[in-house]
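Peer 1: One structure follows; several queries about it will come next.
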Amino acid sequence: MNRPIISQIVNIRDEAKNRRTITVKCPQVARKAQPGQFIMVWIPGVDEIPMGLSYIGRKYLSFTVHIVGEATKALCQKHIGELIGIRGPYGRGFTITSGKVLVVGGGTGMAPLIPLIEKLIANKSKITVINGAKTMNELLFLDKLRKLHERGKIKLIISTDDGSMGLKGYASDIVKELLLKEEFNEIYICGPEIMIVKILRIANKARI
């Protein structure tokens, strides 16, 4: 898998401010990919960048791009039908567990947690999801998560730093308050490093 597999873009969806989900047809990689793994995405003539997977199907893969630089801008300027290169999957991926679990996504970090949530649901885990972002315009996959919440598949907590939607405060603060009331067997986190460090310290103190 050292050479990129040339793959066609089949769908593009705007998720939030400066964030777009791109779906490609690439069964060679999709068949092997697991939640938490990543792929290398080659934008011809520009660069190759790592991307987490926000959807894993039998033939199709999706990744959610935050426009932050030249490569991500070029990627988000692509159109349906255009070609990009895919290598992977890489990384160890998440360990799927049962019992009562807490899933915490910060900003674009919510994206690779979506396939994990689907696996945990299939595993009959009891799932609480914290979807956090700086502001409501940066929250990802709200519709999907709300539908799962309404169907009783997950318990959803929304938080924003500025209080524009859901609870006001950092996701790490919400975790700290939640652990005073509930016990969890495992916590999964993806997001900014500072958020991960804070939640790691909270989890260590709670012996999770």
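The values are calculated or read from the model by the stated rules, or taken from the named source; none is laboratory data. Note that the coordinates shown come from a computational prediction; the quantities given were computed from them, not determined experimentally. Counting neighbours? That spans all protein chains shown, and the Cβs are built from the backbone with ideal geometry, glycine included. Calculation scope for accessible area: heavy atoms of the full protein, side chains included, ligands and nucleic acids excluded. Shrake-Rupley method; radii C 1.70, N 1.55, O 1.52, S 1.80 Å.
Peer 1: Yes or no: GLY85 surrounded by 14 or more Cβ atoms within 10 Å (Cβ to Cβ) and free of Cβ contacts under 8 Å to residues at least 12 places away in the same chain?
Peer 2: No: the conditions fail for GLY85.
So that you can scan it fast, the table gives a plain yes or no per residue for (1) surrounded by 13 or more Cβ atoms within 10 Å (Cβ to Cβ); (2) hydroxyl-bearing (Ser, Thr, Tyr):
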{"site": "LEU148", "(1), (2)": "yes, no"}
{"site": "LYS155", "(1), (2)": "yes, no"}
{"site": "SER164", "(1), (2)": "yes, yes"}
{"site": "LYS168", "(1), (2)": "yes, no"}
{"site": "SER172", "(1), (2)": "yes, yes"}
{"site": "GLU183", "(1), (2)": "no, no"}
{"site": "ILE194", "(1), (2)": "no, no"}
{"site": "ILE202", "(1), (2)": "yes, no"}
{"site": "ILE208", "(1), (2)": "yes, no"}
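Peer 1: Those residues that are without any contact (Cβ under 8 Å) to a residue 24 or more places away in the chain and either at negative phi or not small (Gly, Ala, Ser) (or both), I need them from the stretch 146-177; list them, please.
Peer 2: Correct list: ARG146, LYS147, HIS149, GLU150, ARG151, LEU167, LYS168, ASP173, GLU177.
Peer 1: Let me ask something else. Report yes if some residue within the stretch 129-146 is open to solvent by 10 Å² or more (accessible area, probe 1.4 Å), closer than 17 Å to ILE158 by Cα and acidic (Asp, Glu); otherwise report no.
Peer 2: yes
Peer 1: In the list ALA111, ALA71, which residue meets the criterion of being open to solvent by less than 20 Å² (accessible area, probe 1.4 Å), free of Cβ contacts under 8 Å to residues at least 40 places away in the same chain and not basic (Lys, Arg)?
Peer 2: ALA71
Peer 1: Still on this structure, I have one more. Can you find, within the stretch 1-45, the residue that is nearest to ALA74 (Cα to Cα) among those that are of a type in the set (A, V, I, L, M) and exposed (fewer than 15 other Cβ atoms within 10 Å of the Cβ)?
Peer 2: ILE6
Peer 1: Something else about it: Need a quick list: strands (runs of 3 or more DSSP E) entirely within the stretch 1-67 having at least 2 residues that are of a type in the set (Ser, Thr, Tyr).
Peer 2: 19-25, 60-66
Peer 1: Here is a follow-up. Within the stretch 178-195, take every residue that is in contact (Cβ under 8 Å) with a residue 40 or more places away in the chain and within 17 Å of the chain's Cα centre (by Cα) and give me the one that is farthest from ILE157 (Cα to Cα).
Peer 2: Among them, the one singled out is PRO192.
Peer 1: Can I ask one more? Identify, by number, the condition in (1) among the aliphatic types (A, V, I, L, M); (2) over 30 Å from MET165 (Cα atoms); (3) part of a loop (DSSP other than H, G, I, E, B) that ALA74 doesn't meet.
Peer 2: Only one criterion in (1) among the aliphatic types (A, V, I, L, M); (2) over 30 Å from MET165 (Cα atoms); (3) part of a loop (DSSP other than H, G, I, E, B) is unmet by ALA74, namely (3).
Peer 1: In the stretch 121-143, what count of residues is obtained for those that are under 15 Å from ILE187 (Cα atoms) and either charged (D, E, K, R) or in contact with a Pro (Cβ under 9 Å, 6 or more places away or on another chain) (or both)?
Peer 2: Adding up the residues that qualify gives 1.
Peer 1: To continue, here is another question. So LYS119 fits all but one of (1) touching a Phe, Trp or Tyr at 6+ places or on another chain (Cβ under 9 Å); (2) open to solvent by less than 70 Å² (accessible area, probe 1.4 Å); what number is the exception?
Peer 2: Looking at each condition in turn, LYS119 falls short on (2).
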